[in-house]
Ligand SMILES: Nc1ncnc2c1ncn2[C@@H]1O[C@H](COP(=O)(O)OP(=O)(O)OP(=O)(O)O)[C@@H](O)[C@H]1O
Ligand SMILES: [Mg+2]
């Protein structure tokens, strides 16, 4: 791949005796949307968290936008380029929606109050909840909270967005509103790495699906090919489980 | 004498009401327990009016002691909020050295009675500094003298800081990990995330135990009377040994402490309700 934005090479990660990642290599191109699927405990979250160094890894290397993730000094530089959206939203519960969106802009990007506010207003419009700016997170529905979380990450103008099961804590009727925001983002050309078992979104947005099992990438292919004719027996077993739902 | 008598205990955190339920906000009007404060104040007023001798005389005599007690308590409290934060962060540090130092501090200090610590600060520490002065030939250290109030405040802060550290630690740990992770993933440094995200939330959780510490400190400040600080307790003892009327003196002194602690408890309660309301 020519000049990937994320370059992961033979990464190994242990939690004590547990081998969470066993030699994962992966390149992701600018503007590409990659969806990662796999059984519980296969290392999907760990891989995502390694990309912005929420986890350290023992062996291998990761480079994001030309910045190698090694010394402590580079970590904050990389995190500024990489937005992350969590399954449990993790909005700052003591702050209003507006302050959630403004805080990191102010302290990390050193933006003026006015600039941060304008960015926040623009993004709240974009994710479809302009009227909730003064509410606390607890007063929002799950779907609204997750859209605020996406807006909060976007406020930092990241080059890459990571999503770790962004809809699996949501009621079915709220999943759609979050996926629509993500789909719009994908269409705008955002580079996205998404852990999700949402088939509809994957088919519509992803160029590649990656199947992980026991800390390794077992196979990768465009969604239609991977979903319809998986090569490995493990992939077939896994897909038959999630497709039956 | 809260801390002096009790064995080291774990700080207790309140049952948190995480969800804001509209309509269930606690009322912001004064709570009924203010009447208890008023009752004690009224009782003291009656004593002063109907038996000015000896009560008015005692009050005149001990009033500078009240000022000392309040001053020592307030200064110590502010300082121990800072020490406790440092200690609490140290107890959560992944740096082995910092973690070990702060853990040793917390475990050792909590195992020694406050009275013993105060006496050690008053009698032993100046002597140690004087010895060091002799050893190094420094006349400034050799003639070291310290104000008893300063040593008493240091002693109180050193001891209470250890308990405060554990309160901070428990408070910070009660904030979900995802808050720190979200802040870090936005590019904040550890300290930025602590300052803007974790500590503001932890502070609301630890407010009630901190309020309890303040009241315990107010009471335990009476121990400084043993180390040459002329606080309310010491002034009461002085008066009673001059006039041989222990019943009246200690009745009034006890009532004065009671007014201060009951009043503080109400203020703590009010702040607690206010912050919960703003959640
Ligand atoms: N903080 C941790 N401490 C110890 N072990 C961990 C930790 N985080 C993950 N693991 C282990 O690492 C392995 C990979 O976990 P990971 O969370 O990456 O899986 P996952 O594919 O995201 O699973 P899920 O679909 O359940 O989220 C698992 O065996 C898990 O138990
Ligand atoms: Mg996971």
- Run residue B:200 past the list (1) within 14 Å of chain A (Cβ to nearest Cβ); (2) under 27 Å from residue B:267 (Cα atoms); (3) not in a helix (DSSP H, G or I) and report the number of the one that doesn't hold. (3)
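Can you tell me which residue is farthest from ligand 2 (Cβ to nearest atom) among those in segment A:22-33 that are under 18 Å from the mean Cα position of the chain (by Cα) and within 16 Å of residue A:50 (Cα to Cα)? Break it down stepwise before answering.
From segment A:22-33, those under 18 Å from the mean Cα position of the chain (by Cα) are A:24-33; that's our starting set.
Adding the requirement that they be within 16 Å of residue A:50 (Cα to Cα) leaves A:24-28.
Numbers: A:24: 15, A:25: 20, A:26: 17, A:27: 22, A:28: 19 Å.
Within segment A:22-33, the match that is farthest from ligand 2 (Cβ to nearest atom) is A:27.
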- Note on the structure: Inside segment A:51-72, the number of residues satisfying the requirement of being closer than 13 Å to residue A:15 by Cα and within 13 Å of chain B (Cβ to nearest Cβ) is 2
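Taking the condition buried (at least 20 other Cβ atoms within 10 Å of the Cβ) and within 24 Å of residue B:84 (Cβ to Cβ), does residue B:214 pass? It would help to see each step written out before you state the result.
Working: buried (at least 20 other Cβ atoms within 10 Å of the Cβ): yes; within 24 Å of residue B:84 (Cβ to Cβ): yes.
So residue B:214 passes the test.
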- Task: Please state which of the following conditions residue A:33 fails to meet, knowing it meets all the rest: (1) within 23 Å of residue A:197 (Cβ to Cβ); (2) more than 14 Å from every other protein chain (Cβ to nearest Cβ); (3) within 16 Å of ligand 1 (Cβ to nearest atom).
- Result: (3)
- Message: So residue A:38 ticks every box in (1) within 14 Å of chain B (Cβ to nearest Cβ); (2) buried (at least 21 other Cβ atoms within 10 Å of the Cβ); (3) touching a helix residue (DSSP H, G or I) at 6+ places or on another chain (Cβ under 7 Å); (4) within 21 Å of residue A:205 (Cβ to Cβ) but one. Which box is left unticked?
- Response: (1)
- Test each condition in (1) under 30 Å from residue B:188 (Cα atoms); (2) more than 14 Å from every other protein chain (Cβ to nearest Cβ); (3) within 16 Å of the chain's Cα centre (by Cα); (4) away from ligand 1 (no atom under 16 Å from the Cβ) for residue A:133 and report the one that comes out false. (3)
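Does residue A:229 satisfy the criteria of being within 16 Å of ligand 1 (Cβ to nearest atom) and surrounded by fewer than 14 Cβ atoms within 10 Å (Cβ to Cβ)? Before the answer, list the steps.
Values: within 16 Å of ligand 1 (Cβ to nearest atom): no; surrounded by fewer than 14 Cβ atoms within 10 Å (Cβ to Cβ): yes.
When the stated conditions are applied, residue A:229 does not pass them.
State yes or no: is residue B:112 at pLDDT 95 or above and in a loop (DSSP other than H, G, I, E, B)? Reasoning before the result, please.
Numbers: at pLDDT 95 or above: yes; in a loop (DSSP other than H, G, I, E, B): yes.
Spelling it out, residue B:112 is indeed at pLDDT 95 or above and in a loop (DSSP other than H, G, I, E, B).
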- Query: Can you name the residue in segment A:49-69 that is over 16 Å from residue B:187 (Cα atoms) and surrounded by 19 or more Cβ atoms within 10 Å (Cβ to Cβ) and, of all such residues, is nearest to ligand 2 (Cβ to nearest atom)?
  - Reply: A:57
- Message: Among the listed residues A:171, A:213, identify the single one that is more than 24 Å from residue A:67 (Cα to Cα) and within 16 Å of ligand 2 (Cβ to nearest atom).
- Response: A:213
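Of all residues in segment A:136-152, which are within 14 Å of chain B (Cβ to nearest Cβ) and surrounded by 22 or more Cβ atoms within 10 Å (Cβ to Cβ)? I'd like the intermediate steps shown before the answer.
First pass over segment A:136-152, keeping only residues within 14 Å of chain B (Cβ to nearest Cβ): A:136-142, A:145-146, A:148-152.
Those that are within 14 Å of chain B (Cβ to nearest Cβ) and surrounded by 22 or more Cβ atoms within 10 Å (Cβ to Cβ): A:145, A:146, A:148, A:149, A:150, A:151, A:152.
Looking at segment A:1-110, what helices (runs of 4 or more DSSP H) fall wholly within it and have at least 1 residues that are at pLDDT 95 or above? Working first, answer last.
Values: elements: A:44-51, A:72-81, A:97-107.
In segment A:1-110, the matching helices (runs of 4 or more DSSP H) lie at A:44-51, A:97-107.
I'd like to check which helices (runs of 4 or more DSSP H) are fully inside segment B:135-189 and have at least 3 residues that are surrounded by fewer than 23 Cβ atoms within 10 Å (Cβ to Cβ) and out of contact with any helix residue (DSSP H, G or I) (no Cβ under 7 Å at 6 or more places or on another chain).
On the way: elements: B:139-142, B:148-173, B:177-185.
Helices (runs of 4 or more DSSP H) meeting the threshold: B:148-173, B:177-185.
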- In segment A:189-210, how many residues are more than 18 Å from residue A:87 (Cβ to Cβ), more than 16 Å from ligand 2 (Cβ to nearest atom) and in contact with a strand residue (DSSP E or B) (Cβ under 7 Å, 6 or more places away or on another chain)? 7
- Note on the structure: When residue A:97 is run through (1) buried (at least 21 other Cβ atoms within 10 Å of the Cβ); (2) out of contact with any helix residue (DSSP H, G or I) (no Cβ under 6 Å at 6 or more places or on another chain), the failure sits at (2)
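The values are calculated or read from the model by the stated rules, or taken from the named source; none is laboratory data. Because the structure is predicted, anything quoted here is derived from the model rather than measured. We place every Cβ from the backbone using ideal geometry, glycine too, and count neighbours over all the protein chains shown.
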